[in-house]
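Taking it in order: structure first as structure tokens, then the write-up.
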Amino acid sequence: MTATPPLFQFDNTYARELPGFYVAWEGAKVPSPALVVFNEDLSEELGLNANALQTAEGVAVFAGLQSPDGASPLAQVYAGHQFGGFSPQLGDGRALLLGEVIDRHGKRRDIQLKGSGPTPFSRGGDGKAVLGPVLREYIMGEAMHALRIPSTRALAAVTTGETIYREGPKPGAVLTRVASSHLRVGTFQFFAARGDTEKVRQLADYAIARHDPDLSDAEDGYLKLFVRVMERQANLIAQWVLVGFVHGVMNTDNTTISGETIDYGPCAFIDTYDPAAVFSSIDHQGRYAFGRQPSIAQWNLARLAETILALINPDDLDKAVERVSDELARFPELYKSAWLDGMRAKLGLTGRDDGDEQLAEALLTQLFQHKIDYTLFFRRLSGAATGAREPVTQLFAEQDGISAWLSKWTERLEKDSRSTEETAEAMNAVNPVYIPRNHKVEEALVAAEDGDLAPTEKLLEVLGSPFEEKPGLAEFANPAPSEFGPYRTFCGT
Ligand code: AMP
Ligand code: MG
């Protein structure tokens, strides 16, 4: 008899090195797991056996029913500021970290189940997830990845055979999520709030070993770790804003140390450009509005800074506050510079000109005032680089403003040495044709709940190559028809 190889080659540092940071736990017993979507490309990148994972054995693992060989399933503890208020005890209330694998590039990745049943951190919740939100997270995460924005990813979505009650009966489902880690600002907050400096130090050492190993022997390593997290977050939020993404629930427990986007709940992409855009039905104050995301990220980083003061200057906390505050004060500048570089690329500009920021801001004012679709505008703008202004100006009911802006932009382009064709090509490589348009996502999820997965599969395929325009896909590139109305999202429970 030949032994079948294990489904995953786990190497579980979190379980091994961080006792006290989790509770070992198992998934709920669910009646009849069935595979809904499987990510072949990601499976390949992780060096997994795609065929084996799609058998009944693999599907039972994805449903949390069966713990795979080598796994050490656990629920992680964390705390977090939710909408500004501190919850000292959150944690994986409906998730389990199965373990870690090393991918084909030598990178360590977490394999986590989301929706696998109640844990000691469920706080009265049922620990479950339902198909719509699971597929939503799958689609959004994969779309972000294809847009080259750091993100957790989805390996599989399964249904469990259970009926879960939300706003009516829904099919129970589990998402298998892949992340470069699940360390959050909230993980640091959990131990800092209990005054457990040694655990905070242990966590920071673990974070350094995992994400910034070059800092392991560095002088002022903890302060430098903070700076790295800040740099990653500044870049991440700049990428979100450049592509028109609204996370919707930027709580500190949803802010990663890795700099990946995590926890796709009530997120959405803007259509018309509006800094005040809010989609989440629970964000009544607009705390997490599109344009507030950079300042919220800085606020969240301040919460991280507070947790490591005693590591930075154990004998002089005032000094630690001063040093970390000086670093944190650089956030707006880091963000602005990442955003402006990205905006230059979107506008087809090479080189840096003092007027670039003003040029970009003047454009955004036009887009806002005339309620122009953000994604469509930038994609059409590449045509204007080679002289086809009409498709751009057509978007505007009143065209004087945009015509004047286009002339200024053309003048600025002439300062660069690229040919107009090269410029257009470079712009098309960074301005997507296809984003997860809210109405297309909803359409796919409604069909999936009715048992028709074809629209979800099609959407995933289209969003997998967002920069390459293909014939016959105009419905994925266009904004929602007006009868779709204002879009509202609900927390992904
Ligand atoms: P989220 O808003 O999705 O980031 O989740 C915030 C916290 O609520 C996390 O600790 C989750 O584990 C927990 N949570 C969310 N939904 C559920 C649920 N259905 N059952 C138990 N815990 C949940
Ligand atoms: Mg969360």
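The values are calculated or read from the model by the stated rules, or taken from the named source; none is laboratory data. Small disclaimer: the values here were computed from a predicted structure and weren't measured. Every residue, glycine among them, receives a Cβ derived from its backbone with ideal geometry; neighbour counts consider all protein chains shown. Surface accessibility is based on the protein's heavy atoms, side chains included, excluding ligands, DNA and RNA. Shrake-Rupley method; radii C 1.70, N 1.55, O 1.52, S 1.80 Å.
Report P(r) for the stretch 13-179: all Cα-Cα distances, bin width 10 Å, range 0 to the bin holding the largest distance, values in whole percent.
11, 38, 38, 12, 1
Just by accessible area at a 1.4 angstrom probe, what is the order of W25, W339 from largest to smallest? Working shown, then result.
Working: W25 95, W339 15 Å².
Sorted descending by solvent-accessible area, the residues read W25, W339.
Name the long-range amide H neighbours of S87: under 5 Å, sequence gap of 5 or more, or other chain; modelled H, no Pro or chain starts.
Correct list: G80, H81, Q82.
Simple spin-label model, 7 Å along Cα-to-Cβ: R108 to T13 in nm?
With each label point 7 Å from Cα toward Cβ, the separation is 0.2 nm.
Roughly how many Å² of S151 are accessible to a 1.4 Å probe, to the nearest 10?
10 Å²
Can you give the angle from 0 to 90° between the axis of helix 374-385 and the longest principal axis of the chain, with both taken from C-alpha atoms, to the nearest 10?
With both axes taken from Cα atoms, the answer is about 40 degrees.
Please list, or write none, the lysines whose alpha carbon is within less than 26 Å of the alpha carbon of K408, excluding same-chain residues fewer than 8 places away.
Once the sequence-local lysines are set aside, what remains near K408 is K336, K346, K371.
Sequence neighbours fewer than 8 away in the same chain don't count; with that in mind, list the lysines whose C-alpha is under 21 Å from K319.
K224
Which value, in debye to the nearest 20, describes the size of the charge dipole of the stretch 13-179 about its Cα centre when Lys and Arg Cβ atoms bear +1, Asp and Glu Cβ atoms bear -1, and nothing else is charged?
Numbers: 16 positive and 17 negative charges, 81 e Å.
That gives the stretch 13-179 a dipole magnitude of about 400 debye.
Return the carbon/sulfur percentage of the accessible area of the chain, one whole number, probe 1.4 Å, all protein chains in place.
Reported share for carbon and sulfur atoms: 50 percent.
Would you list, by chain and number, the lysines whose Cα falls below 24 Å from the Cα of K29, excluding same-chain residues fewer than 8 positions away?
K114, K128, K170
Using protein chains only and a probe of 1.4 angstrom, how many square angstrom of D253 are accessible, to the nearest 10?
Approximately 10 Å² for this residue.
Using a 1.4 Å probe, what is the accessible area per residue for the chain, in Å²?
With all protein chains present, the chain gives 41 Å² per residue.
Give, as a single signed number, the net charge of other residues whose beta carbon lies under 10 Å from the beta carbon of S122, with Lys and Arg counted +1 and Asp and Glu -1.
On the way: positive: R94, R123, K128; negative: D92, D126.
It works out to a net charge of +1.
Divide by every residue of the chain the summed helix terms, -39500 (n - 2.57) for each DSSP H run of at least 4, and state the resulting mean residue ellipticity at 222 nm, rounded to the nearest 500 deg cm²/dmol.
Dividing the helical sum by the residues of the chain leaves -13000 deg cm²/dmol.
Quick one: compute the contact order of the chain, relative version, from alpha carbon pairs under 8 angstrom and 6+ residues apart, as a percent.
Details: 927 pairs, mean separation 69.4, N = 493.
In percent, rounded to a whole number, it is 14.
Give a quick list of GluC sites (Glu not before Pro) in the stretch 158-221 that DSSP marks as loop, anything other than H, G, I, E or B, with at most 13 other Cβ atoms within 10 Å.
E167, E219
Which whole-number value in Å³ per residue fits the convex hull of the alpha carbons of the stretch 348-493?
147 Å³
Cβ under 10 Å from N39's Cβ, N39 left aside: what net charge do those residues give with Lys, Arg +1 and Asp, Glu -1?
Working: positive: R153; negative: E40, D41, E44, E45, E142.
Overall, the nearby charge balance is -4.
Taking amide H positions as placed in the peptide plane 1.01 Å from N, state which residues far from T261 in sequence (5 or more) or on other chains have amide H under 5 Å from it.
Placed amide hydrogens put S151, T152 under 5 Å from T261.
About its Cα centre, how strong a charge dipole does the stretch 78-161 have in debye, to the nearest 20, once Lys and Arg get +1 and Asp and Glu get -1 at the Cβ?
With only Lys, Arg, Asp and Glu charged at Cβ, the dipole is about 160 debye.
Loop only by DSSP, 16 or fewer other Cβ within 10 Å of the Cβ. Give me the trypsin sites (Lys or Arg not before Pro) in the stretch 113-183 that pass, ordered by residue number.
Passing sites in the stretch 113-183 are R123, R148.
In degrees, nearest 10, range 0 to 90: what is the angle between the Cα axis of helix 317-328 and the longest Cα principal axis of the chain?
40 degrees
What ranking of R303, R330 comes out by heavy-atom accessible area, probe 1.4 Å, highest first?
Listed by decreasing accessible area, they come as R330, R303.
When only Cα pairs under 8 Å and 6 or more residues apart are kept, what is the percent relative contact order across the stretch 185-338? Before the final figure, lay out the partial values.
Details: 198 pairs, mean separation 44.6, N = 154.
It comes to 29 percent, rounded to a whole number.
Give me the net charge of A173's neighbourhood, meaning all other residues with Cβ under 11 Å from the Cβ of A173; Lys, Arg count +1, Asp, Glu -1. Don't jump to the answer; show the numbers that get you there.
Numbers: positive: K114, K128, R136, K170; negative: E137, E162, E449.
Charge balance near A173 sits at +1.
Taking the radius of gyration and the Kirkwood hydrodynamic radius from Cα positions alone, what is the Rg/Rh ratio for the chain, to two decimal places?
For the chain, the value is 0.98.
Take S417 and A218, extend 7 Å from each Cα along the Cα→Cβ direction, and tell me the distance between the two endpoints in nm.
So the two model labels end up 3.5 nm from each other.
Suppose we keep just the alpha-carbon trace of the stretch 185-338; what are its Rg and Dmax in angstrom?
When restricted to Cα atoms, the stretch 185-338 yields Rg and Dmax of 16.0, 52 Å.
Search the structure for amide H atoms under 5 Å from the amide H of D416, placed 1.01 Å from N in the peptide plane, and list their residues when 5 or more places away or on another chain.
Long-range HN contacts for D416: none found.
How big is the Cα convex hull of the stretch 101-175 in projection, averaged over all directions, in nm²?
6.3 nm²
Between 0 and 90 degrees, rounded to the nearest ten: what's the tilt of helix 356-369 against the longest Cα principal axis of the chain?
90 degrees
Quick one: dipole size for the chain, taken about the Cα centre, charges +1 on Lys/Arg Cβ and -1 on Asp/Glu Cβ, in debye to the nearest 20.
720 debye
Residue-wise, which Karplus ³J(HN,Hα) couplings in Hz belong to the stretch 259-267, taking 6.51 cos²θ - 1.76 cosθ + 1.60, θ = phi - 60°, and x for glycine or proline?
x, 8, 5, 9, 6, 7, x, x, 6
Looking at the stretch 363-445, which trypsin sites (Lys or Arg not before Pro) are DSSP coil and have at most 11 other C-beta atoms within 10 Å of their C-beta?
Here the trypsin sites (Lys or Arg not before Pro) that fit, given the DSSP loop and packing criteria, are K415.
Label-point separation (nm) for L453 and T272, each offset 7 Å from Cα along Cα-to-Cβ?
Spacing of the two 7 Å Cα→Cβ label points: 3.8 nm.
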